1. What is the number of the single condition among (1) over 16 Å from residue 262 (Cα atoms); (2) of a type in the set (S, T, N, Q); (3) touching a Lys or Arg at 6+ places or on another chain (Cβ under 7 Å) that residue 38 does not meet?
2. Count, please, the residues in the stretch 114-153 that happen to be in a loop (DSSP other than H, G, I, E, B) and within 30 Å of residue 89 (Cβ to Cβ).
3. Just to be sure, is residue 244 surrounded by fewer than 15 Cβ atoms within 10 Å (Cβ to Cβ), modelled with pLDDT of 90 or more and farther than 30 Å from residue 176 by Cα?
4. Considering only residues that are farther than 19 Å from residue 210 by Cα, outside any helix (DSSP H, G or I) and among the hydrophobic types (A, V, I, L, M, F, W, C), which ones fall in the stretch 231-289?
5. Go through the stretch 186-198 and give me each residue that's assigned to a helix (DSSP H, G or I) and either in contact with a Cys (Cβ under 7 Å, 6 or more places away or on another chain) or exposed (fewer than 15 other Cβ atoms within 10 Å of the Cβ) (or both).
6. In the stretch 52-61, is there at least one residue being under 29 Å from residue 176 (Cβ atoms) and either of a type outside the set (Gly, Ala, Ser) or not in a helix (DSSP H, G or I) (or both)?
7. Given the residues 169, 222, 156, which is the only one that is in a helix (DSSP H, G or I), small (Gly, Ala, Ser) and touching a Gly at 6+ places or on another chain (Cβ under 7 Å)?
8. Could you list, in sequence order, all residues of the stretch 90-111 that are outside any helix (DSSP H, G or I) and surrounded by fewer than 12 Cβ atoms within 10 Å (Cβ to Cβ)?
Amino acid sequence: MKSFRIYLPAYLFLLPALSLFILFMFVPILSGLKLSFQRWSFDGAKWVGFSNYAKIFHDSVFWDSLRTTVVYTVFTVFFGIVISLIIAFLMDPIAGKLQSFFKAAYYLPSVAPIVIISVLWGWLYNPSFGLLNYLLEQIGLEPVLWLGDPNIALYSIIMMTLAVSQGPSILILVAALGGIPKDYQEAATIDGANGLQETFHIKLPLLKPALLYLAIVNTVGSFQVFAPIYMMTGGGPNGSTTTIGFLIYENGFKKFDFGVASAQAVILLILVMIIAVIQFKYLSNDVEY
């Protein structure tokens, strides 16, 4: 009881944030879980057990959307971290206002609403007057249907994501690099290590906590991708860019099949949790410096 009185002010400070979490996160999750076992209609909801899940697992569109989501996630997370690492290593030796300028330059695109970015990139990808096709024509190549070809539409959206969303990752990695004690690097230099050896044997291992965080957060975000798909392709052409997030939207707000949409959302939640646990288990380590 005495310890409770001691920590009571801390609990009171946590109460507003905890209340908002319960109200806007925990309660909707429970409501969605309940709805996934029901068939909803304007007349009310009817309990149907696992029939919504059975319908999903026998739906080829769901498996195609899952495959598309996995491809999108693998490319954006892996290459996003690689690109962020390269830029962070290039920015690390720069100091003062010049580094601050580059930080702001890389971070600003991630501040812009994804809807605006999607519209701008839609213009860049336009087959008639888009900048990318104009540049291709200048070097004698044929125009490309960036968003109209089922074979490349998804990769066009991946390229846009890689180009505009690396700002937060870059800032985190630059901060992590700046936090590595210089003693380690000086000792490696005295022992005769070159820059490449220093990078792979000192900096990258010490960056592992930051890389783990970015891998988990970016994976969760990529599995939920919706806005670029909605704005640029609408899931097409021929369903080649339909992700799980977009499929949930279509089932819930176009077909008004909220039971199936909720079941798909529950499956997505479980998949993301499993992947996050696997990433944490195999990528985490006890690094302190």
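The values are calculated or read from the model by the stated rules, or taken from the named source; none is laboratory data. Computed from a predicted model, the values in this text were never measured in an experiment. Glycine gets a Cβ as well: all are built from the backbone with ideal geometry, and neighbour counts include every protein chain shown.
1. Failed condition: (1).
2. Here is the first cut: in the stretch 114-153, the ones in a loop (DSSP other than H, G, I, E, B) are 125-130, 139-152.
Filter once more, so that each one left must be within 30 Å of residue 89 (Cβ to Cβ): none.
Total meeting the criteria: 0.
3. For residue 244, the condition - surrounded by fewer than 15 Cβ atoms within 10 Å (Cβ to Cβ), modelled with pLDDT of 90 or more and farther than 30 Å from residue 176 by Cα - is not met.
4. The answer is 256, and nothing else.
5. 186, 187, 189, 190, 195, 196, 197 - these are the residues of the stretch 186-198 that are assigned to a helix (DSSP H, G or I) and either in contact with a Cys (Cβ under 7 Å, 6 or more places away or on another chain) or exposed (fewer than 15 other Cβ atoms within 10 Å of the Cβ) (or both).
6. no
7. Answer to the selection: 169.
8. Matches in the stretch 90-111: 93, 95, 96.
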